1. Can you pull out every residue in region 101-136 that is assigned to a strand (DSSP E or B) and farther than 19 Å from residue 49 by Cα?
2. Residues being in contact with a strand residue (DSSP E or B) (Cβ under 7 Å, 6 or more places away or on another chain) and either in a loop (DSSP other than H, G, I, E, B) or under 13 Å from residue 172 (Cα atoms) (or both): count how many of those fall in region 139-159.
3. Assuming residue 114 fulfils every condition listed in (1) under 13 Å from residue 103 (Cβ atoms); (2) touching a residue at least 12 places away in the same chain (Cβ under 8 Å) apart from one, which condition is it?
4. As an exercise: evaluate residue 131 against (1) at pLDDT 90 or above; (2) closer than 21 Å to residue 28 by Cα; (3) surrounded by 21 or more Cβ atoms within 10 Å (Cβ to Cβ) and give the number of the one condition it does not meet.
5. Looking for something surrounded by 13 or more Cβ atoms within 10 Å (Cβ to Cβ) and within 23 Å of residue 41 (Cβ to Cβ) - is there at least one such residue anywhere in region 156-165?
6. Please specify each residue of region 52-80 satisfying the condition of being under 20 Å from residue 120 (Cα atoms) and free of Cβ contacts under 8 Å to residues at least 12 places away in the same chain.
């Protein structure tokens, strides 16, 4: 069985509020500056929720890793009417266990709590199937209410919290 990435196509992701439409497409190295501009616009709390650290940006080598399709799938999301304004980035990165991918997602603050996170996690889950993964894992802060809610909605058990971070796993198939 091949572990190569699926053919990625752009998808239209409807938001739950005001009928706003976004486009999600595979990221390329050409998106590097726009992804870092997204990091600049995100609050410290949002960046900390994504990385469990106060990251301000990605290094080019990190972004190259995230866009290398044999190990990672990365998407960027933007409003349908403004393709130059990224509002989210989503990643699936293979772990040391070949059938598991780690999910990462960061959404610009004004776009949070509008259903985009749930839609992007569901999209990533669909893509994980084609990526030959049977599960997705998320490491997040134990106080990241939004991600905990999304993961519970998709079938992750309620985690036992013993530290500031928790690992949540959901089945892909």
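1. 135
2. Total meeting the criteria: 6.
3. The single condition residue 114 does not satisfy is (1).
4. (1)
5. First pass over region 156-165, keeping only residues surrounded by 13 or more Cβ atoms within 10 Å (Cβ to Cβ): 156, 159, 165.
Still in the running and within 23 Å of residue 41 (Cβ to Cβ): none.
No, that holds for no residue.
6. If the condition is that a residue be under 20 Å from residue 120 (Cα atoms) and free of Cβ contacts under 8 Å to residues at least 12 places away in the same chain, then 68 is the only one that fits.
The values are calculated or read from the model by the stated rules, or taken from the named source; none is laboratory data. Remember, it's a predicted structure, so these values are computed and weren't measured experimentally. Here the Cβ is made from the backbone with ideal geometry for all residues, glycine too, and neighbour counts use every protein chain on show.
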